[in-house]
1. Given the criteria more than 13 Å from ligand 2 (Cβ to nearest atom) and loosely packed, with under 14 Cβ neighbours inside 10 Å, does Glu126 qualify?
2. Report yes if Thr156 is more than 20 Å from Pro232 (Cα to Cα), more than 16 Å from ligand 1 (Cβ to nearest atom) and more than 16 Å from the chain's Cα centre (by Cα), otherwise no.
3. Search the stretch 137-152 for residues being within 15 Å of ligand 2 (Cβ to nearest atom) and over 13 Å from the mean Cα position of the chain (by Cα), and hand back the single one that is nearest to Thr25 (Cα to Cα).
4. Collect the residues in the stretch 70-89 that are farther than 13 Å from Leu4 by Cβ and more than 15 Å from the chain's Cα centre (by Cα), keeping them in residue-number order.
5. Being within 16 Å of ligand 2 (Cβ to nearest atom) and in contact with a Phe, Trp or Tyr (Cβ under 6 Å, 6 or more places away or on another chain), is that true of even one residue in the stretch 213-235?
6. Of the residues Ser121, Ser56, which is over 18 Å from the mean Cα position of the chain (by Cα) and within 16 Å of ligand 2 (Cβ to nearest atom)?
7. So which of Ala93, Ala108 is touching a residue at least 12 places away in the same chain (Cβ under 8 Å), in a helix (DSSP H, G or I), touching a helix residue (DSSP H, G or I) at 6+ places or on another chain (Cβ under 7 Å) and not charged (D, E, K, R)?
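None of the figures in this text is laboratory data; all of them are computed from the coordinates on show. Nothing here was measured: the structure is a model prediction, and the numbers come from that model. So basically every Cβ, Gly included, is an ideal-geometry build from the backbone, and we count neighbours across all protein chains shown.
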Amino acid sequence: SVNLSSRDPDSMAVDLSLYLVTDSTPAILKGRDLCVVVEEALKGGVTVVQYRDKKSDTGEQIATARKLHQICQTYGVPLLINDRVDVALAVGAEGVHLGQDDMKFAEAKKMLPKEAIIGISASTLEEAQKAIADGADYLGIGTMFATPTKTNTRYTLGTAGTQAILDAISDATSVSTVAIGGINHSNVQRVIYQSQSPKKGLDGVAIVSGIMAADDPRASAQELVKLIKNPPPFA
Ligand code: TZP
Ligand code: MG
């Protein structure tokens, strides 16, 4: 099980290397049960799960998050909730992930236990610097590449844009970072390698469809773990 109660709020203490973001849309689930897909992904080695559900009402979200939390606990993996601090509190999740239009960091910080993890989406250097100044535990930097999974994105950064942000924040901070958007088996090594600045690299990659929509989410996660652990052939 996961117990962050003794977590030093100044240290991340969570493995973000293979960060699964869920998606409950029919195109991704293809008739499968969300909890089954997530459990397969956990068996394959995902290190953190974010429950992201833009459609269900509060009651449904709490019920699903509670089930996901139980499953994640079995694998010793933290569960973060997208957007909804109230849902995270209701189920005792390990933290939240907040976008630029969600609850303000300071409000979430006041509501959550002190050891809770708060991640913030950043699409620009300014957003990254603001999140760091606020005290975010990690940044979700993106969008890396255009993706059908999220179409209301503001900036497509590519590895060069991501590297520029990592480089600019590297002196100021030890904040953790994950990249998100269009990351899959065929580009994950390039994403990690090309996004790093001399002083700061990514701590992980966040993936939706590359795992969730795979015919075999477990094998997909396993393969991604291997790719993330090994240096790219061109390094
Ligand atoms: N935020 C930026 S892109 C994105 C989110 C939630 C979706 C990424 O999905 P995929 O399927 O991994 O490209
Ligand atoms: Mg959001």
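1. It is true that Glu126 is more than 13 Å from ligand 2 (Cβ to nearest atom) and loosely packed, with under 14 Cβ neighbours inside 10 Å.
2. No, not satisfied.
3. The residue in question is Thr149.
4. Across the stretch 70-89, the qualifying residues are Gln70, Ile71, Thr74, Tyr75, Val85, Asp86, Val87, Leu89.
5. Checking the stretch 213-235: not a single residue is within 16 Å of ligand 2 (Cβ to nearest atom) and in contact with a Phe, Trp or Tyr (Cβ under 6 Å, 6 or more places away or on another chain).
6. One residue alone meets the criteria, Ser56.
7. It is Ala108.
For every residue, the table says whether it meets (1) in a helix (DSSP H, G or I); (2) hydroxyl-bearing (Ser, Thr, Tyr); (3) in contact (Cβ under 8 Å) with a residue 24 or more places away in the chain.
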site: Thr156; (1), (2), (3): no, yes, yes
site: Gly161; (1), (2), (3): yes, no, no
site: Gly182; (1), (2), (3): no, no, yes
site: Gln189; (1), (2), (3): yes, no, yes
site: Pro198; (1), (2), (3): no, no, yes
site: Ala214; (1), (2), (3): no, no, no
site: Arg218; (1), (2), (3): yes, no, yes
site: Gln222; (1), (2), (3): yes, no, yes
site: Phe234; (1), (2), (3): no, no, yes
